[in-house]
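See below for the structure under consideration.
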Amino acid sequence: SELIRGFLLSGMPCPSSCPPGLLALMAPGLALMATFSLPSQAGDRRALPVEKPPGVKGRTLILLDVNTKSPVRIISENFLSLQLDPSIIHDGWLDFLSSRRLVTLARGLAPAFLRFAGKRTDFLQFHNVKNPAKSRGGPGPDYYLKNYEDDIVRSDIALDKQKGCKIAQHPDIMLELQREKAAQMHLVLLKEQFSNTYSNLTLTARSLDKLYNFADCSGLHLIFALNALRRNPNNSWNSSNALSLLKYSASKKYNISWELGNEPNNYRTLIGRSVNGSQLGKDYIQLRSLLQLIRTYSRANLYGPNIGRPRKNVIALLEGFMKVAGSTVDAVTWQHYYIDGRVAKVNDFLKTRLLDTLSDQIRKIQKVLNTYTPGKKIWLEGVGTTSAGGMNNLSDSYAAGFLWLNTLGLLASQGIDVVVRHSFLDHGHNHLVDQNFNPLPDYWLSLLYKRLIGPKVLAIHVAGLQRKPRPGRVIRDKLRIYAHCTSYHNHNYVRGSITLYIINLHRSRKKIKLAGTLRDKIVHQYLLQPYGKDGLHSKSVQLNGQPLAMVDDGTLPELKPRPLRAGRTLVIPPLTMSFYVVKNVNALACRYR
């Protein structure tokens with residue numbers, strides 16, 4: 001025990017003279033004596049804090065090891081997925097989804113689901129009309145954009161040689177006019193959102209073609225949420241419009257999965273009457289029956305009920321739904337937004353208490369599913385850092401990445417199968433790509449995640465030193481560490497490699513020494529930091545000191561790592577996010593798919 005204590009206090013790795021298996025013997029001692037503890041993928045293991053030993057000064061090394069024998073969770077290959085809001089019909093961006101630049105950015109995040117849904121889902125009407133009459137209107141951006149409509153169609157004929165997709169190169173003047181139109185519509189959309197009153201939207205057959213073309217060309221699988229608020233007098237679902245959409249999609253042989261409605265717990269505030277869980281379950285059974293009548297969709301996946309934050313009334317709705325239709329859906333879905341975007345501040349994104357709010361929601365959802373359908377997959381859909389459209393220079397800045405990366409790590413460690421990010425491109429400030437089609441910090445974070453992180457989640461074991469909490473205070477983890485097998489799709493690394501991703505919310509740097517199976521291995525560092533003078537408010541990022549930007553409309557930059565020599569201590573700068581690939585670990589858990 002004295003030997004173990006000596007190594008712990010010195011922060012040094014076990015020397016080569018140590019007996020084999022000493023690290024395993026050290027683990028219980030570390031857990032008991034550690035004054036630093038982190039959430040583990042095997043569960044939330046927290047050590048009891050103790051007094052800082054006398055004579056220990058400065059910052060002590062954090063010892064980190066990973067269980068490489070078997071994964072604790074295996075998540076979907078499409079774990080990080082995307083969402084598009086139907087508001088893109090209103091503000092005109094749907095017509096620009098054929099942009100080569102947008103398709104290139106979306107392809108970077110494939111494979112993934114593309115969920116077409118949002119608050120306007122239940123006001124969406126499908127019209128099987130190819131070329132609706134053009135409303136010329138008066139002079140203004142909308143007027144000129146409609147005159148350019150034929151030009152858009154002609155430019156769409158340019159085919160991507162690789163996939164035969166319709167890819168367009170839109171003239172700058174068209175994008176300028178579209179941005180002007182979108183800025184005007186942004187005010188209208190915000191007014192609808194704050195008043196919770198939405199106007200009807202029409203999705204034409206041609207618009208659906210454009211949406212599917214974008215998903216298919218980008219390597220994304222489309223999930224379409226149907227309008228659930230078309231109700232019969234007895235409050236049952238009126239499926240006539242949905243059937244028209246299903247028949248058209250089937251005639252085009254579109255490979256689509258389906259949902260019904262969005263946040264059904266809010267229907268009373270939208271239409272003045274509620275739809276309870278039992279009725280919603282019957283509506284889903286009705287939709288499943290419709291799908292089975294159409295050969296193309298007889299085996300299509302169906303997801304739902306996409307409830308909001310699981311408060312008491314929402315849990316009651318979910319229970320009623322699961323009793324009736326728990327076996328009908330292929331995964332159970334819910335939504336989460338961390339902060340009200342109208343009042344958010346940059347320090348909010350650094351609060352560990354906020355980062356931990358998701359854990360309680362996961363437990364509530366899992367409790368219901370364990371009662372009615374044990375083993376059913378759970379998805380978090382429509383997740384965003386802020387609600388109410390977000391806030392400029394905040395929810396679209398580097399600072400928002402702390403919440404986003406922690407969300408990915410926490411959900412994966414808890415076995416949530418898919419997380420759908422709201423939104424890829426949107427009228428607000430929660431998106432991954434802005435209206436100049438430039439990737440924002442969360443896009444680059446997502447791209448790194450896709451390139452480096454595989455679906456197998458590994459348990460971590462961490463020990464170190466931290467201060468003793470004052471009476472009545474709880475020390476929350478400001479250093480978050482997660483571990484996965486490295487992505488099998490990344491051919492730069494052999495199977496058996498491990499990727500760590502680390503969030504440092506401390507305002508000081510932290511040092512981590514890799515131990516056990518990770519000891520003395522070559523490590524590749526991918527350190528993501530804000531670029532420019534705006535700091536945490538920055539909308540640009542740098543990777544290992546080099547700013548990230550697209551090479552051209554069809555090419556993403558190479559994500560170059562910084563190699564660290566074997567055995568080197570990892571130094572994590574303050575207020576940063578980083579990925580570390582530990583090469584050639586030959587981890588048993590990671591050798592096979």
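Selection of first residues in the range 200-212 that are in a helix (DSSP H, G or I) and of second residues that are modelled with pLDDT under 95 and charged (D, E, K, R), restricted to Cβ pairs under 6 Å at least 6 apart or on distinct chains, gives the following pairs, ordered by first then second residue: Ala205/Lys130; Arg206/Lys130.
Among the residues making up the range 239-288, a single one is touching a Phe, Trp or Tyr at 6+ places or on another chain (Cβ under 7 Å), closer than 24 Å to Leu203 by Cα and part of a loop (DSSP other than H, G, I, E, B): Tyr254.
Within the range 497-512, work out how many residues are part of a loop (DSSP other than H, G, I, E, B) and within 25 Å of the chain's Cα centre (by Cα).
Step one: filter the range 497-512 for residues part of a loop (DSSP other than H, G, I, E, B), giving 497, 505-509.
Retained after the next criterion (residues that are within 25 Å of the chain's Cα centre (by Cα)): 497, 505-506.
Of the residues in the range 497-512, 3 are part of a loop (DSSP other than H, G, I, E, B) and within 25 Å of the chain's Cα centre (by Cα).
Is it the case, given these coordinates, that Asn436 is among the polar types (S, T, N, Q), under 15 Å from the mean Cα position of the chain (by Cα) and not in a strand (DSSP E or B)?
Values: among the polar types (S, T, N, Q): yes; under 15 Å from the mean Cα position of the chain (by Cα): no; not in a strand (DSSP E or B): yes.
It is false that Asn436 is among the polar types (S, T, N, Q), under 15 Å from the mean Cα position of the chain (by Cα) and not in a strand (DSSP E or B).
When the residues of the range 367-380 are narrowed to those that are closer than 14 Å to Ala412 by Cα and out of contact with any Gly (no Cβ under 8 Å at 6 or more places or on another chain), which ends up most open to solvent (accessible area, probe 1.4 Å)? It comes out as Lys377. Checked against (1) modelled with pLDDT of 95 or more; (2) polar (S, T, N, Q); (3) surrounded by 14 or more Cβ atoms within 10 Å (Cβ to Cβ), Thr517 passes all but a single condition, namely (1). Checked across the range 223-231, the condition of being aromatic (Phe, Trp, Tyr) and either surrounded by 18 or more Cβ atoms within 10 Å (Cβ to Cβ) or not in a helix (DSSP H, G or I) (or both) holds for at least one residue.
Taken over the range 80-94, the criterion of being among the β-branched types (Val, Ile, Thr) and either touching a helix residue (DSSP H, G or I) at 6+ places or on another chain (Cβ under 6 Å) or within 24 Å of Val418 (Cβ to Cβ) (or both) is satisfied by Ile88 alone. Scoring His431 on the criteria (1) modelled with pLDDT of 95 or more; (2) under 17 Å from the mean Cα position of the chain (by Cα); (3) part of a loop (DSSP other than H, G, I, E, B); (4) not aliphatic (A, V, I, L, M) leaves a single failure, condition (1). The listed residues are Arg363, Arg353, and the only one of them that is free of Cβ contacts under 8 Å to residues at least 40 places away in the same chain, assigned to a helix (DSSP H, G or I), farther than 24 Å from Tyr267 by Cβ and of a type in the set (Lys, Arg) turns out to be Arg363.
Let's see how each residue does on (1) under 26 Å from Arg288 (Cβ atoms); (2) open to solvent by less than 30 Å² (accessible area, probe 1.4 Å):
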| residue | (1), (2) |
| --- | --- |
| Met174 | no, yes |
| Asn196 | no, no |
| Ser240 | yes, no |
| Ser249 | yes, yes |
| Asn262 | yes, yes |
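Within the range 549-570, residues that are closer than 30 Å to Gly516 by Cβ reach partners that are assigned to a strand (DSSP E or B) and of a type in the set (S, T, N, Q) with beta carbons closer than 7 Å, at six or more positions or on different chains, in the pairs Pro561/Gln525; Arg562/Gln525; Leu564/Gln525. Among the conditions (1) at pLDDT below 80; (2) under 25 Å from the mean Cα position of the chain (by Cα); (3) open to solvent by less than 40 Å² (accessible area, probe 1.4 Å), the only one that Leu189 does not satisfy is (1).
Can you tell me which residue in the range 200-218 is modelled with the lowest pLDDT, limited to those that are of a type in the set (S, T, N, Q) and over 16 Å from Pro111 (Cα atoms)? Step through it out loud before you land on a result.
Of the range 200-218, the ones of a type in the set (S, T, N, Q) are 200, 202, 204, 207, 213, 218.
Narrowing the set further to residues that are over 16 Å from Pro111 (Cα atoms) leaves 200, 202, 204, 207.
Working: Asn200: 91, Thr202: 96, Thr204: 96, Ser207: 96.
Ranking the qualifying residues of the range 200-218, first place goes to Asn200.
Of all the criteria given as (1) more than 30 Å from Ser327 (Cβ to Cβ); (2) part of a loop (DSSP other than H, G, I, E, B); (3) open to solvent by less than 10 Å² (accessible area, probe 1.4 Å), the one not satisfied by Asn393 is (3). Beta carbons closer than 6 Å, at least 6 apart along the sequence or on distinct chains, pair a first residue in the range 515-544 that is within 19 Å of Lys583 (Cα to Cα) with a second that is polar (S, T, N, Q) and assigned to a loop (DSSP other than H, G, I, E, B) for Thr517/Thr68; Leu527/Asn544.
Test Pro471 against the criterion of being in contact with a strand residue (DSSP E or B) (Cβ under 9 Å, 6 or more places away or on another chain) and either open to solvent by 30 Å² or more (accessible area, probe 1.4 Å) or at pLDDT 95 or above (or both), and give yes or no. Judged against the criteria, Pro471 is not a match.
Yes/no per residue for (1) open to solvent by 10 Å² or more (accessible area, probe 1.4 Å); (2) under 30 Å from Leu452 (Cβ atoms); (3) of a type in the set (A, V, I, L, M, F, W, C); (4) modelled with pLDDT under 95:
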| residue | (1), (2), (3), (4) |
| --- | --- |
| Ala112 | no, yes, yes, no |
| Gly118 | no, yes, no, yes |
| Leu145 | yes, no, yes, yes |
| Ile152 | no, no, yes, yes |
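Within the range 580-587, the presence of at least one residue that is over 23 Å from Gly108 (Cα atoms), part of a loop (DSSP other than H, G, I, E, B) and either without any contact (Cβ under 8 Å) to a residue 40 or more places away in the chain or open to solvent by less than 10 Å² (accessible area, probe 1.4 Å) (or both) is confirmed. Comparison of Ser289, Ser274 shows that the only residue that is open to solvent by 20 Å² or more (accessible area, probe 1.4 Å), within 20 Å of Lys119 (Cβ to Cβ) and more than 27 Å from the chain's Cα centre (by Cα) is Ser274.
Can you name the residue in the range 308-358 that is among the basic types (Lys, Arg) and farther than 30 Å from Gln292 by Cα and, of all such residues, is most open to solvent (accessible area, probe 1.4 Å)? First the steps, then the outcome.
Filtering the range 308-358 down to residues among the basic types (Lys, Arg) leaves 309, 311-312, 323, 342, 345, 351, 353.
If we keep only those that are farther than 30 Å from Gln292 by Cα as well, we get 309, 311-312, 342, 345, 351, 353.
Working: Arg309: 92, Arg311: 141, Lys312: 184, Arg342: 135, Lys345: 120, Lys351: 105, Arg353: 156 Å².
Top of the filtered list is Lys312.
Candidates are the residues of the range 66-96 that are among the charged types (D, E, K, R) and at pLDDT 95 or above; the one that is farthest from Lys181 (Cα to Cα) is Lys69. Scanning the range 374-396 for residues that are at pLDDT 95 or above, in contact with a strand residue (DSSP E or B) (Cβ under 9 Å, 6 or more places away or on another chain) and of a type outside the set (D, E, K, R) gives Ile378, Trp379, Leu380.
The values are calculated or read from the model by the stated rules, or taken from the named source; none is laboratory data. Bear in mind that the values here come from a model prediction, so they are computed numbers and not experimental data. For neighbour counting, all protein chains shown are included, and Cβ atoms are generated from backbone atoms with ideal geometry for every residue, glycine included. The protein model used for the area step is the full one, side chains on, heavy atoms only, and it has no ligands, DNA or RNA in it. Shrake-Rupley method; radii C 1.70, N 1.55, O 1.52, S 1.80 Å.
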